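**Student:** This is the structure, below, for whatever I ask next.
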Amino acid sequence: MWSKGSQILYREVTHGKVWTAKPVTVIRDAPDLVALSMCRDTPWKVCAPCDAATDLLHCKADLSPWRLDDAVWGRGDTVFLIAPGKAHAVHVLWDAERRFVGWYVNMQEPIRRTSLGFDFLDHELDIVVSPDRDWRWKDRDHLEQAQIIGSLSPEQARAITQEAQQVVDDIARGVVPFDGSWNDWRPPSDWTIPSLPDGWDQVG
């Protein structure tokens, strides 16, 4: 288990290669919850197609070449809340003035522990949730396209949709974290912006 304040790597991996790499700080690492903080202005790595005309879904499926670009987390502070074993993460979002602006639910593989932090891969479908718990689907077309190109099977897509529906039920009931229990969280004043650790690009 990682201790509170540890600076680790939260990384997406596809076909044995790094897809995105985010340096984050551990808020909590427990059997029931992993909570990670990514602060504004954090440098990270993001995937990009080598050809501007190429769809990123084809790159993720390893059907087209892609690269990793340097980026800076331009959104406000974000907390990633992940229940180990669950195939989604809830992002708690603030703007640049540290005002709470809602939640973002990322359907994804269950996280895997590594020597650097946690690895996973995004499952395309997302849910955008406003502060009043009004919600909408995002990227349902990506889920359909992933099946067409063969990166997700129909069985996988059904499982992803079923888990997403369970999250929608949680939103409607206002269970944690949709009860507002994380809305006022702030990082300790002595926490610094983490950087990518040595070996961030090594998989396996």
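**Student:** For the chain, with only Lys/Arg (+1) and Asp/Glu (-1) charged at the beta-carbon, what is the dipole magnitude about the Cα centre, in debye rounded to 20?
**Tutor:** Values: 22 positive and 31 negative charges, 76 e Å.
Charge dipole, the chain, about its Cα centre: 360 debye, nearest 20.
**Student:** Across the stretch 47-63, in residue order, what do the Karplus-derived ³J(HN,Hα) couplings come to in whole Hz, using 6.51 cos²θ - 1.76 cosθ + 1.60 with θ = phi - 60° and x for Gly and Pro?
**Tutor:** 6, 8, x, 6, 10, 4, 8, 8, 6, 4, 4, 5, 5, 4, 7, 6, 9
**Student:** Report the paramagnetic label zone for Val176: residues of the stretch 126-140 whose backbone N is under 17 Å from a point 7 Å from Cα along the Cα-to-Cβ axis.
**Tutor:** Counting only backbone N, you get no residues.
**Student:** Which value in deg cm²/dmol, rounded to the nearest 500, describes the helix-derived mean residue ellipticity at 222 nm for the chain, given -39,500 (n - 2.57) per DSSP H run of n ≥ 4 and division by the residue count? Can you show the working numbers first?
**Tutor:** Values: 3 runs with 35 residues, N = 204.
Rounded to the nearest 500, the figure is -5500 deg cm²/dmol.
**Student:** Could you tally the net charge around Val24, taking each other residue with its Cβ under 15 Å from the Cβ of Val24, Lys/Arg +1 and Asp/Glu -1?
**Tutor:** On the way: positive: Lys4, Arg11, Lys22, Arg28, Arg40, Lys45, Arg75, Arg113; negative: Glu12, Asp29, Asp41, Asp77, Asp119.
Computed value for this residue: +3.
**Student:** Can you give the longest run of the chain that contains no trypsin sites (Lys or Arg not before Pro) sitting in a DSSP loop with at most 13 other Cβ atoms inside 10 Å? The partial results should precede the final answer.
**Tutor:** Values: sites that count: Lys4, Arg98, Arg99.
Here the longest segment lacking exposed loop sites spans 100-204.
**Student:** Here is a follow-up. Once you have the Cα-Cα distance between Lys4 and Ala96, take 0.36 nm times their residue separation minus that, and quote the gain in nm to one decimal. Present the calculation step by step, with values, prior to reporting the outcome.
**Tutor:** Working: separation 92, 0.36 × 92 = 33.12 nm, distance 2.41 nm.
Additional length available on full extension: 30.7 nm.
**Student:** With contacts defined as alpha carbon pairs under 8 Å and 6 or more residues apart, what's the relative contact order of the chain in percent?
**Tutor:** 20 percent
**Student:** Right, something else. Summing +1 for each Lys or Arg and -1 for each Asp or Glu, what net charge is found among the other residues whose Cβ lies under 10 Å from the Cβ of Arg173?
**Tutor:** -2
**Student:** Which residue, chosen from His88, Thr114, Leu125, occupies the Cα position most advanced towards the positive end of the dipole of the stretch 76-129, where the dipole is computed from +1 (Lys, Arg) and -1 (Asp, Glu) charges on Cβ about the Cα centre?
**Tutor:** Thr114
**Student:** Can you give the FRET efficiency for Ala52 and His15, using 1/(1 + (r/R0)^6), R0 = 25 Å, r = Cβ-Cβ distance, to the nearest 0.05?
**Tutor:** 0.70
**Student:** If R₀ is 25 angstrom, what is the calculated FRET efficiency for the pair Val72 and Arg133, using the beta carbon separation as r and rounding to 0.05?
**Tutor:** 0.25
**Student:** Around Pro49, what is the net charge, scoring Lys/Arg as +1 and Asp/Glu as -1 over all other residues with Cβ under 13 Å from its Cβ?
**Tutor:** -2
**Student:** So, one more: Would you mind telling me which residue in Ala30, Ala21, Ala89 has the biggest mean-square fluctuation in a Gaussian network model of the chain, where springs connect alpha carbons within a distance under 10 angstrom?
**Tutor:** Evaluated over the chain, the most mobile residue of the options is Ala30.
**Student:** How far apart, in nm, are the 7 Å Cα→Cβ label points at Gln162 and Glu109?
**Tutor:** Here the answer is 2.0 nm between the modelled labels.
Here, each number is a calculation from the coordinates, and none is a lab measurement. Since the structure is predicted, the reported quantities are computational estimates derived from the model, not experimental observations. All Cβ positions, even for glycine, are placed from backbone atoms using ideal geometry, and neighbour counts span all protein chains on display.
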